[in-house]
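**Q** Take a look at the following structure, please.
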Amino acid sequence: MPLRVFLVDITNRIGDDTRRTAVKAVLQSYFDKVSTKAKSDKVSVLFVSDDPKPNDNDLIAYYSSSGWHVVSQMPGAPDVNTTEGGLTYNNGKVTGSDVVANPDDDTTMVANLTFHELMHNKLNVGDSMHRQGGLARSPVDDSTPLTNANIEAMAKVLTKDRKQWTGGFALLKERHKPVSIK
């Protein structure tokens, strides 16, 4: 079954549809390289405006506002020391990933940070991942490259089940009025 990457920006953190399209294009190019290396079905990267219903091998990234991580609301989530960047947490049952984004952030940087958090998610690795370099390092910015080591690491686990936390959609919807994603 083809893997899907659901991107949830119902609070309009990235900005307009042009900016979301730019983020999606960068992420799609990264996942195309990973799926080719994994010799798997194509990965579909998509922004959604409805609560995603992921299969166990799909991924979800939520976009949060500066100063608040939606993933920090997961059952069992630890206190969060930072209000910027991203957060991925696995509570032993499900994994959640979010990225702080603002409409004036560089779209490649947002895509790079999203991929970074999805690496934490799929690899099920904490801060030790940052030693791998490329998009696995911290911090990432718009010039951080996707390396062959990043591609190989993700290709090894691409189809592995990692059940996603789906509670973020409702929490984001409660915080802000959703925007329509075209």
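The values are calculated or read from the model by the stated rules, or taken from the named source; none is laboratory data. The model shown is predicted, which means the values in this text are computed figures rather than measured ones. A quick note on method: Cβ atoms are made from the backbone with ideal geometry, for glycine too, and the neighbour counts reach across all protein chains shown.
**Q** Which ones in region 32-57 are among the basic types (Lys, Arg), in a loop (DSSP other than H, G, I, E, B) and either farther than 21 Å from Asp9 by Cα or more than 17 Å from the chain's Cα centre (by Cα) (or both)? Explain how you work it out, then say what you get.
**A** Initial filter on region 32-57 (among the basic types (Lys, Arg)): 33, 37, 39, 42, 53.
Pick out the ones that are also in a loop (DSSP other than H, G, I, E, B) and you get 39, 42, 53.
Listed by number, the residues that qualify are Lys39, Lys42.
**Q** Only helices (runs of 4 or more DSSP H) wholly contained in region 73-182 count here; list those with 2 or more residues that are surrounded by fewer than 15 Cβ atoms within 10 Å (Cβ to Cβ) and touching a residue at least 60 places away in the same chain (Cβ under 8 Å). It would help to see each step written out before you state the result.
**A** Working: elements: 107-123, 148-157, 168-175.
Ranges flagged: 148-157, 168-175.
**Q** Still on this structure, please answer the following. Is it fair to say Ile10 is part of a loop (DSSP other than H, G, I, E, B), modelled with pLDDT of 95 or more and among the hydrophobic types (A, V, I, L, M, F, W, C)? Steps first, please.
**A** Working: part of a loop (DSSP other than H, G, I, E, B): yes; modelled with pLDDT of 95 or more: no; among the hydrophobic types (A, V, I, L, M, F, W, C): yes.
Spelling it out, it is not the case that Ile10 is part of a loop (DSSP other than H, G, I, E, B), modelled with pLDDT of 95 or more and among the hydrophobic types (A, V, I, L, M, F, W, C).
Condition check ((1) touching a helix residue (DSSP H, G or I) at 6+ places or on another chain (Cβ under 9 Å); (2) modelled with pLDDT of 95 or more; (3) of a type in the set (S, T, N, Q)) across all residues:
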{"residue": "Arg137", "(1), (2), (3)": "yes, yes, no"}
{"residue": "Asp141", "(1), (2), (3)": "yes, yes, no"}
{"residue": "Asn148", "(1), (2), (3)": "yes, yes, yes"}
{"residue": "Arg162", "(1), (2), (3)": "yes, yes, no"}
{"residue": "Lys177", "(1), (2), (3)": "no, no, no"}
{"residue": "Ile181", "(1), (2), (3)": "yes, no, no"}
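Table: residues versus (1) more than 17 Å from Asn112 (Cα to Cα); (2) surrounded by 19 or more Cβ atoms within 10 Å (Cβ to Cβ); (3) at pLDDT below 95.
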residue	(1), (2), (3)
Lys33	no, no, no
Ser40	yes, no, yes
Leu46	no, no, no
Asp51	yes, no, yes
Asn55	yes, no, no
Leu59	no, yes, no
Val70	yes, yes, yes
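**Q** If Ser29 meets every condition in (1) closer than 18 Å to Trp165 by Cα; (2) free of Cβ contacts under 8 Å to residues at least 24 places away in the same chain; (3) of a type in the set (S, T, N, Q) apart from one, which number is that one?
**A** (1)
**Q** Another one. If Thr11 passes every condition in (1) surrounded by fewer than 15 Cβ atoms within 10 Å (Cβ to Cβ); (2) over 12 Å from the mean Cα position of the chain (by Cα) but one, which one does it miss?
**A** Every listed condition holds for Thr11 apart from (1).
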